[in-house]
1. Within the range 133-179, track down each residue that is of a type in the set (Asp, Glu) and either assigned to a loop (DSSP other than H, G, I, E, B) or touching a Ser or Thr at 6+ places or on another chain (Cβ under 9 Å) (or both).
2. Helices (runs of 4 or more DSSP H) wholly in the range 1-95 with at least 3 residues that are aliphatic (A, V, I, L, M) - which ones?
3. Hey, can you tell me all the residues within the range 65-81 that are closer than 28 Å to residue 15 by Cβ, within 16 Å of the ligand (Cβ to nearest atom) and surrounded by fewer than 16 Cβ atoms within 10 Å (Cβ to Cβ)?
4. Looking at (1) in a helix (DSSP H, G or I); (2) within 13 Å of the ligand (Cβ to nearest atom); (3) modelled with pLDDT of 95 or more, find the lone condition where residue 130 falls short.
5. Please count how many residues of the range 1-41 are free of Cβ contacts under 8 Å to residues at least 40 places away in the same chain and buried (at least 18 other Cβ atoms within 10 Å of the Cβ).
6. Within 16 Å of the ligand (Cβ to nearest atom), buried (at least 18 other Cβ atoms within 10 Å of the Cβ), in contact (Cβ under 8 Å) with a residue 40 or more places away in the chain and aromatic (Phe, Trp, Tyr): is that true of residue 108 in this structure?
7. Determine, yes or no, whether residue 6 is within 16 Å of the ligand (Cβ to nearest atom), hydrophobic (A, V, I, L, M, F, W, C) and within 18 Å of residue 140 (Cβ to Cβ).
8. Kindly indicate the residue of the range 89-105 that is among the hydrophobic types (A, V, I, L, M, F, W, C) and free of Cβ contacts under 8 Å to residues at least 60 places away in the same chain and also farthest from the ligand (Cβ to nearest atom) among those meeting that condition.
Amino acid sequence: MDKFLLHACCAPCGAYVIEELQKRGFDVTVYYYNPNIYPIEEYMRRRDESVRYCKEIGVALKEGIYNHEEWQRIVKGLEQEPEGGLRCAVCYRARLAHTAAIAKDGGFGWFGTTLSISPHKKSEVINKIGTEVGEEAGVRFLAEDWKLHDGFKKSCALSRTHQFYRQTYCGCEFSIRKK
Ligand code: SF4
C-alpha cells in the first residue's frame, strides 16, 4: 500500500479527501501544517477537530510547527491582495513545499492537499504549485480538484454527520478583514 502524506487545512475539508484516498488504496497520514491561520486560538480549534476526527477513524496525524510570524514575513507586501490572488499562491507554495519535504524525509511515495475542495480556491493554481514543489523534493504530488463530483457537497454532509466546527474564513488575518 502506497504511503500518502495529506496536507489538511481542517477536519471539514479532510474527511472527504481521506475517504477518497483510502478508497484508492492509499495508506493516509494527515499533515496539519497551517502557519497561515490567525489567531492561534483558531489554529488550535481547527487542529483539535482534525486530531479528534483522525483518532476516531484510526488515521495517523502529524502536526507541523506553527510559526505565524514567519508566515507573515513570507507574504509581506501582499497583504492587500484579494482572496485567491498572489498572496494565496505564496501561501499554498509555503505549505506544500514544506509538506513535500516532510513526505520525502518520511519515506512517503505521494503527497497531496485538501485545499482544492474549497469552491473559493482554484485547483489549477494549487495543482501547478504542488507538482512543482513535488518535483523539486522528489515526491509525487496527486493533482486533484476535490470539489468535482459533488466533493464539496459531500464534505459538508460529512461535517454535519461528525458535527465538525466549521470556520467562517479561510485562515489568515487578511481573509477576516475582507469579509
Ligand atoms: S486567504 Fe487563505 S490561502 Fe489566502 S493567504 Fe490567507 S490563509 Fe492563505
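The values are calculated or read from the model by the stated rules, or taken from the named source; none is laboratory data. Just so it is clear, the structure is predicted and the values come from calculations on it, not from any experiment. Neighbour counts are summed over all protein chains in view; Cβ atoms, including those assigned to glycine, are modelled from backbone coordinates with ideal geometry.
1. 144, 145, 150
2. In the range 1-95, the matching helices (runs of 4 or more DSSP H) lie at 11-23, 40-57.
3. Passing the criteria: only 67.
4. With (1) in a helix (DSSP H, G or I); (2) within 13 Å of the ligand (Cβ to nearest atom); (3) modelled with pLDDT of 95 or more applied to residue 130, the lone miss is (2).
5. 3
6. Considered against the rule, which asks whether it is within 16 Å of the ligand (Cβ to nearest atom), buried (at least 18 other Cβ atoms within 10 Å of the Cβ), in contact (Cβ under 8 Å) with a residue 40 or more places away in the chain and aromatic (Phe, Trp, Tyr), residue 108 comes out as no.
7. no
8. For the range 89-105, the residue satisfying everything is 101.
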